[in-house]
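Read the structure below first, then the notes.
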Amino acid sequence: MIICRLSKSSLLDLHGKWLSSFFLKWKTTKFIQERSYSLKLYAMGKFHDPNPLTDAYLPGQMFLHKVFPYRGVILQPWLARVYDRDQKEKTGSGSTGRSKSKTRLYYQVLVDEADSLHIRAENLSVTFLSPEYVLRNSLFAQPYSIPGVDYVSHEDIMPYTITDDARPITHELFDKFLTPVIEPDQSTKYVGKDALKSFQDANHPWLCLSDVYKETTENIRVTVIPFYMGNQESYNKYWWRYCIRIENLGDESVQLRDRNWRIFCNSNSVETLQGRGVIGKEPKLTKYSRAFQYNSHVSLESPSGYMWGVFTFEREDGSKFECKIPAFNLHRVEDQRIPDPSDDIIK
């Protein structure tokens, strides 16, 4: 099955099947007078079978995202605790009401610059604060952002091998972090440079992924991944960013209209935030465009707390319903070991 872009913003439906044919990149030429588009296809590579859930992909693996159809390359595997509110712990007397936790593989990845312009994932980046020595005399945090970085579950990785004459993805950090290696069969793969390891070692407190939270309401699944960004000790202020993915698992179209957040700080304060949509948008989720993802930030006056809330969705008939945002912990991240892909602790 050939994959190509039909327009600037759509892909042929993959139907969840693994493909063994060539992955083709699209190139569009616009004719201003005729207001039309022509397609030129380039062979980019060949899909291969996905790794089992317990077998991590290594840095340098090229892939196509299964939900947001962008090309990317893996930088770092992480072992994350996934709390699914739809799966409760059970005892002999029934459910405990607590979410079951499973350890799963996630990956930090670079996203192709061209593809990132045409997907429903906003603010794909890693954000953290400048060093404390820059902030100690300033009340205002100065965040530093690395664009084109995402975190992807193992199940969303569709791995492929690039063809001999194909270019890898376009990202300003690609050549800084990865280098090509010729395999015995003359195929090309990419491996991490020392600069990649140095970058991970120096910045892993705000790069590391430890917890993932999921909950489904009326076929709308919300996934939250929080990340620690750093702190301003002089002003007793701690910062986190959180990535939210909203996915329509059903066939009925719905549109996000409102958000309602509750933020608890361990200094015993609770803040309520309400507003229209998310990050200035009111995304519509249909069976043809099922998912939307965005990043946002929050600060607390203590090193830990938690957040929870609801999204209000509107159906096509005008009726509305509330979708739960799973409660998730915010905690300061201390120094910890970067997981090795060979770690055999997947449950």
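The values are calculated or read from the model by the stated rules, or taken from the named source; none is laboratory data. Since this is a predicted model, take the numbers as computed values, not measurements. Cβ: placed from backbone, ideal geometry, glycine included. Neighbour counts: every protein chain shown.
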For this session: For region 193-204, state whether one or more residues are in contact (Cβ under 8 Å) with a residue 24 or more places away in the chain, surrounded by 14 or more Cβ atoms within 10 Å (Cβ to Cβ), under 18 Å from His331 (Cα atoms) and not small (Gly, Ala, Ser).
Result: yes
For this session: Just need a number here: residues in region 321-336 that are surrounded by fewer than 13 Cβ atoms within 10 Å (Cβ to Cβ) and farther than 30 Å from Asp201 by Cβ.
Result: 0
For this session: Name every residue in region 259-279 that is more than 15 Å from Glu314 (Cβ to Cβ) and outside any strand (DSSP E or B), in order of residue number.
Result: Asn266, Ser267, Asn268, Ile279
For this session: Scan region 245-258 and give yes if some residue there is part of a strand (DSSP E or B), of a type in the set (D, E, K, R), modelled with pLDDT of 95 or more and over 22 Å from Tyr106 (Cα atoms), otherwise no.
Result: yes
For this session: Give me a count of the residues in region 233-246 that are crowded, with 21+ Cβ neighbours inside 10 Å and either among the hydroxyl-bearing types (Ser, Thr, Tyr) or more than 18 Å from the chain's Cα centre (by Cα) (or both).
Result: 2
Problem set entry | strands (runs of 3 or more DSSP E) wholly inside region 24-95 that include at least 1 residues being in contact with a Gly (Cβ under 7 Å, 6 or more places away or on another chain) and at pLDDT 95 or above | 62-65, 71-91
Exercise. Could we say that Val181 is closer than 24 Å to Glu113 by Cα, among the hydrophobic types (A, V, I, L, M, F, W, C) and surrounded by fewer than 18 Cβ atoms within 10 Å (Cβ to Cβ) here?
Worked result: yes
Exercise. List, please: which pairs have Cβ atoms under 6 Å, are six or more places apart or on different chains, and start with a residue in region 231-257 that is more than 17 Å from Ser304 (Cβ to Cβ) and end with one that is among the charged types (D, E, K, R) and assigned to a strand (DSSP E or B)?
Worked result: Glu247/Arg221; Leu249/Arg221; Val254/Arg315; Gln255/Lys284; Gln255/Glu314; Arg257/Glu314
For this session: For region 283-296, state whether one or more residues are in contact with a His (Cβ under 6 Å, 6 or more places away or on another chain) and either modelled with pLDDT under 95 or among the polar types (S, T, N, Q) (or both).
Result: no
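One line per residue, one yes/no per condition, for (1) surrounded by 15 or more Cβ atoms within 10 Å (Cβ to Cβ); (2) more than 15 Å from Ala291 (Cβ to Cβ):
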site	(1), (2)
Ser210	yes, yes
Thr223	yes, no
Gly230	yes, yes
Ser267	no, yes
Problem set entry | Subset of region 259-282 that is more than 19 Å from the chain's Cα centre (by Cα) and among the charged types (D, E, K, R) - its residue that is modelled with the lowest pLDDT | Glu271
Seminar exercise, completed: Flagged in region 310-343 as more than 24 Å from Ile244 (Cβ to Cβ) and at pLDDT 95 or above, in numbering order, are Asp317, Gly318
Exercise. Can you name every residue in region 178-205 that is among the aromatic types (Phe, Trp, Tyr) and either touching a Gly at 6+ places or on another chain (Cβ under 6 Å) or not assigned by TED's automatic domain parsing to the domain that holds Ser299 (or both)?
Worked result: Tyr190
